[in-house]
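Data block below; observations after.
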Amino acid sequence: MIPLGGNAFITKLGNPDSPEVITDQGLENWINVDSVCSIFFKLRKAETFNVSLRVKVVPSGSSTIRVSITGKESYETRIEGAESYIADIGTFSTDSSGYVQLDIQGISKTGQFFGEVAELLLSNVTGEVIFISDPDLFYFGRRGPSVHFSFDPCTCTEDALEYFYSEVNVPSGQDVIGAYFMANGFADGYFGMQVNSARERRILFSVWSDYDTDDPEEIPEDYRVQLLRKGELVQVNDFGDEGSGKQSILRHNWKAEEIYKFLINGVPVDSDNTKYTAWFCPPGSEWQLIASFLKPKVSTFLSGMYSFSENFIPDEGHIPREVLFGNQWVRTVDGIWKEMIKGRYTGDETSRNGRHDYAGGVSDSGHFFLKNCGFFDEMVETNVEFIRRPTNSPPEVDLENLP
């Protein structure tokens, strides 16, 4: 039993206003003949198996639907009745192990809706089937796995660190909606770039409060992250739902196949406060200030450097995305730049609970790369250390004259 609530996507909308949607209960509001719902699951080996669907047609009527695997079997089936039941579809086969995409499309209907589909049932499968099974994981399951690189500055220095520099390049076609390519993560926050919609892209810099809550309204005054200054056109607000703190946003139309530079500074102000400042540099341009925040209840230099790739829009979790991270450097309090060439590749809970479409390593160009979502089969196991080629090119940044 494969629930659509955690494993299906509307991969084609009949038109921009088509109402089809995947909820925790499955496919709903199915009206348009041109819309396609796709269910994804992974087989450990080649299989021949029978397919059924748990369906109902509400409020009334009957429908003819098509169920298919691209380039393989296709069946048309009539469904009817407002009570949920199991509709037999047909026998399908695969030539190898890996992900299967099963498509459902409406052909004709007598009522308002083609129907609602809650579950895909497979029978006569002899090997393991991999999918999101726990309803509590449907949201993040559809968002897809997040993957990370953690960098250990202790491999290059034991001194206190005040700057973290890196470069990000997104290959052509990989800048998809819902992507967050986080360049400069650290123990108290993160800094990177997003694709928020077809018309909007953002540079995002956030710092967590040291008060443990997902609701920013609950943070006591003496724990609140304070804005010290911000760049032109930068918006600053509170954030929650993943810890809470202060967030700064610059709407910037960044592009694929171009190199963007990110720089973070973290220094203790006194025994009870730390100042974090972020700058961003587009290609062919000057460094620009994103924001500078004061974090109370913490006094520290930079630590815990990392990068990640995630999808933050569940409806986009069937689309692959890839990012290249390179030229990572830290600067000690003594003013010495040290290159970080070792990265530990890891995955999140979703990568361990039903989504196997993730990869990471070192690209042919010598960059760390991360790839996630899209139900591809070239999975790279996590918890592995990779070493990229050193560039031996410290950042050319005039730190004294940064905005």
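Would you be able to say whether some residue in the range 26-38 is within 23 Å of Gln112 (Cα to Cα), touching a residue at least 12 places away in the same chain (Cβ under 8 Å) and either touching a His at 6+ places or on another chain (Cβ under 8 Å) or hydroxyl-bearing (Ser, Thr, Tyr) (or both)?
Yes, there is a match, as at least one residue in the range 26-38 is within 23 Å of Gln112 (Cα to Cα), touching a residue at least 12 places away in the same chain (Cβ under 8 Å) and either touching a His at 6+ places or on another chain (Cβ under 8 Å) or hydroxyl-bearing (Ser, Thr, Tyr) (or both).
Does Ile319 satisfy the condition of being hydrophobic (A, V, I, L, M, F, W, C) and surrounded by fewer than 20 Cβ atoms within 10 Å (Cβ to Cβ)?
The answer is yes for Ile319.
Give the residues of the range 258-278 that are touching a residue at least 40 places away in the same chain (Cβ under 8 Å) and in contact with a Pro (Cβ under 7 Å, 6 or more places away or on another chain), sorted by residue number.
Across the range 258-278, the qualifying residues are Glu258, Ile259, Tyr260, Thr274.
Here's the yes/no breakdown for (1) over 18 Å from Ser309 (Cβ atoms); (2) surrounded by fewer than 20 Cβ atoms within 10 Å (Cβ to Cβ):
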| residue | (1), (2) |
| --- | --- |
| Met182 | no, no |
| Asp212 | yes, yes |
| Glu218 | yes, yes |
| Val225 | yes, no |
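So, Glu349, is that one surrounded by fewer than 18 Cβ atoms within 10 Å (Cβ to Cβ) and either touching an Asp or Glu at 6+ places or on another chain (Cβ under 7 Å) or among the acidic types (Asp, Glu) (or both) or not?
yes
Kindly indicate whether Gly81 is buried (at least 19 other Cβ atoms within 10 Å of the Cβ) and small (Gly, Ala, Ser).
Considered against the rule, which asks whether it is buried (at least 19 other Cβ atoms within 10 Å of the Cβ) and small (Gly, Ala, Ser), Gly81 comes out as no.
Out of curiosity, is Val21 hydrophobic (A, V, I, L, M, F, W, C), over 28 Å from the mean Cα position of the chain (by Cα) and not assigned by TED's automatic domain parsing to the domain that holds Met379?
Against the criterion (hydrophobic (A, V, I, L, M, F, W, C), over 28 Å from the mean Cα position of the chain (by Cα) and not assigned by TED's automatic domain parsing to the domain that holds Met379), Val21 does not qualify.
Can you tell me how many residues in the range 118-151 are surrounded by fewer than 16 Cβ atoms within 10 Å (Cβ to Cβ) and of a type in the set (Ser, Thr, Tyr)?
Within the range 118-151, residues that are surrounded by fewer than 16 Cβ atoms within 10 Å (Cβ to Cβ) and of a type in the set (Ser, Thr, Tyr) number 3.
If you take the residues of the range 61-97 that are outside any loop (DSSP other than H, G, I, E, B) and within 30 Å of the chain's Cα centre (by Cα), which of them is modelled with the lowest pLDDT?
Ile69
Scan the range 198-223 residue by residue and report those that are of a type in the set (A, V, I, L, M, F, W, C) and either without any contact (Cβ under 8 Å) to a residue 24 or more places away in the chain or part of a helix (DSSP H, G or I) (or both).
Ala198
Do the conditions hold for Thr11, that is, is it more than 12 Å from Asp103 (Cβ to Cβ), outside the structural domain of Ile319 (by TED's automatic domain parsing) and assigned to a strand (DSSP E or B)?
No; evaluated as a whole, the condition is false for this residue.
Can you give me the ranges of the strands (runs of 3 or more DSSP E) entirely in the range 256-367 with at least 3 residues that are over 19 Å from the mean Cα position of the chain (by Cα)?
Ranges flagged: 259-270, 273-281, 288-296, 321-332, 337-339.
The values are calculated or read from the model by the stated rules, or taken from the named source; none is laboratory data. Worth saying up front: this structure is predicted, and the values here are computed from it rather than measured. Don't worry about glycine lacking a Cβ; one is built from the backbone with ideal geometry, like all the others, and counts go over all protein chains shown.
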